[in-house]
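Enquirer: The following block contains the structure, expressed as structure tokens.
The values are calculated or read from the model by the stated rules, or taken from the named source; none is laboratory data. These numbers come from a predicted model, not from an experiment. Positions of Cβ are backbone-derived with ideal geometry, glycine not excepted, and every protein chain shown enters the neighbour counts.
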Amino acid sequence: MPAQAVAKKPHEELRAYYQRLLRELGPQNWWPARTRLEVILGAILVQNTAWRNAALAIAELRRAGLLNLSRLLAAPAAEIEARIRSAGFYRQKARAIRAFLAWLDGACQASIRVMFRRHPSVLRQELLGLWGFGPETVDAILLYAGRMPRFVADAYTRRILARHGFISDRAGYASAQRFLHQHLPADAGLFNEFHALLVEVGKRRCHRRAPRCDGCPLEPFLPSRRNAAAEAEPLPAGARAAGNFERRVESGS
Ligand code: SF4
């Protein structure tokens, strides 16, 4: 009997999704960055744009010597804006970067090491209070720069979970994340790879308007496919015996 025809508990099913994605797509090696500062800047720069645009901005900051914390702290707003134009919304993103730098300077002695000594929940709340920082940006920083187990429940993740019947298609960030935290072990390595794999499937296959399910690594897990597999499955021996018994009762034998 195919494993997908059996109704599994969410944690078993999520594990099966993860194993399948890892087998089909391989490790994604996220986050593509050399330092924790780069991860933090990348998490801000990738807001509302494709990664390639954020990567261009990172490369430009590198060329200007601004991937160095003390130089970045000293850089005027106009300089940061000019370097990150390729990421779009560059004024807002420069403002978010400067809000982060001011907080880091004032609350963490301008040290990313000191920043990550905070308890994850405390740090999360503080970062969420910064201008331009939403939950997705903050959790990406906690997970990929701080190796803290916060699942990034981004739009791709929510779409896939909803299409596979785990959450409602109206579920927001917080409830999708709650579902994942409830059914997965709090393991930063697992969250890192699983999120990266879901993003890859989202980009390649699970498009907003027209998902390309045929041939998708997660196709066998779709509720419709599982139901079809279950319906095509021959009755187990016990059930066949029960059916024979019912027919005997009907015929009076
Ligand atoms: S494309 Fe289809 S099978 Fe693949 S993740 Fe999306 S809904 Fe699931």
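Enquirer: Which of the residues that make up the stretch 215-224 are free of Cβ contacts under 8 Å to residues at least 40 places away in the same chain, near the ligand (Cβ under 8 Å from one of its atoms) and in a loop (DSSP other than H, G, I, E, B)?
Expert: Cys216
Enquirer: Also, quick follow-up: For Arg159, are the conditions met, namely being touching a Cys at 6+ places or on another chain (Cβ under 9 Å) and either within 15 Å of the ligand (Cβ to nearest atom) or more than 22 Å from Glu219 (Cβ to Cβ) (or both)?
Expert: Yes; evaluated as a whole, the condition is true for this residue.
Enquirer: Here's a check for you: in the stretch 1-39, which residue that is more than 25 Å from Trp51 (Cβ to Cβ) and of a type in the set (Gly, Ala, Ser) is modelled with the highest pLDDT?
Expert: Ala16
Enquirer: Just checking, which of Arg208, Arg212, Arg178 is more than 15 Å from Tyr18 (Cα to Cα) and not in a loop (DSSP other than H, G, I, E, B)?
Expert: Answer to the check: Arg178.
Enquirer: Got a sec? Which of Ala96, Ala110 is in a loop (DSSP other than H, G, I, E, B) and touching a helix residue (DSSP H, G or I) at 6+ places or on another chain (Cβ under 7 Å)?
Expert: Answer to the selection: Ala110.
Enquirer: Is it the case that the stretch 88-102 has a residue that's charged (D, E, K, R), within 27 Å of Asn29 (Cβ to Cβ) and either without any contact (Cβ under 8 Å) to a residue 24 or more places away in the chain or out of contact with any Gly (no Cβ under 9 Å at 6 or more places or on another chain) (or both)?
Expert: no
Enquirer: Still on this model: Is there a residue in the stretch 30-46 that is assigned to a helix (DSSP H, G or I), without any contact (Cβ under 8 Å) to a residue 24 or more places away in the chain and of a type in the set (D, E, K, R)?
Expert: Checked the stretch 30-46: no residue is assigned to a helix (DSSP H, G or I), without any contact (Cβ under 8 Å) to a residue 24 or more places away in the chain and of a type in the set (D, E, K, R).
Enquirer: Which one of Ala228, Ala196 is closer than 30 Å to Arg23 by Cβ, more than 14 Å from the ligand (Cβ to nearest atom), part of a helix (DSSP H, G or I) and at pLDDT 50 or above?
Expert: The conditions single out Ala196.
So that you can scan it fast, the table gives a plain yes or no per residue for (1) touching a residue at least 40 places away in the same chain (Cβ under 8 Å); (2) more than 11 Å from the ligand (Cβ to nearest atom); (3) touching a Cys at 6+ places or on another chain (Cβ under 9 Å):
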{"site": "Gly132", "(1), (2), (3)": "yes, yes, no"}
{"site": "Leu143", "(1), (2), (3)": "yes, yes, no"}
{"site": "Arg178", "(1), (2), (3)": "no, yes, no"}
{"site": "Phe191", "(1), (2), (3)": "yes, yes, no"}
{"site": "Pro211", "(1), (2), (3)": "yes, no, no"}
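Enquirer: Ok, one more. Inside the stretch 106-133, can you point out the residues that are small (Gly, Ala, Ser) and surrounded by 12 or more Cβ atoms within 10 Å (Cβ to Cβ)?
Expert: Ala107, Ala110, Ser111, Gly132
Enquirer: I've got another one for you. Any idea which of Asp139, Asp169, Asp187 is of a type in the set (Asp, Glu) and within 16 Å of the ligand (Cβ to nearest atom)?
Expert: Of Asp139, Asp169, Asp187, the one residue that is of a type in the set (Asp, Glu) and within 16 Å of the ligand (Cβ to nearest atom) is Asp169.
Enquirer: Does Ala77 qualify as being in contact with a helix residue (DSSP H, G or I) (Cβ under 8 Å, 6 or more places away or on another chain), surrounded by fewer than 15 Cβ atoms within 10 Å (Cβ to Cβ), modelled with pLDDT of 95 or more and not basic (Lys, Arg)?
Expert: Yes; evaluated as a whole, the condition is true for this residue.
Enquirer: Condition test on Phe116, is it modelled with pLDDT of 95 or more, out of contact with any helix residue (DSSP H, G or I) (no Cβ under 6 Å at 6 or more places or on another chain), over 21 Å from Val46 (Cα atoms) and aromatic (Phe, Trp, Tyr)?
Expert: Yes.
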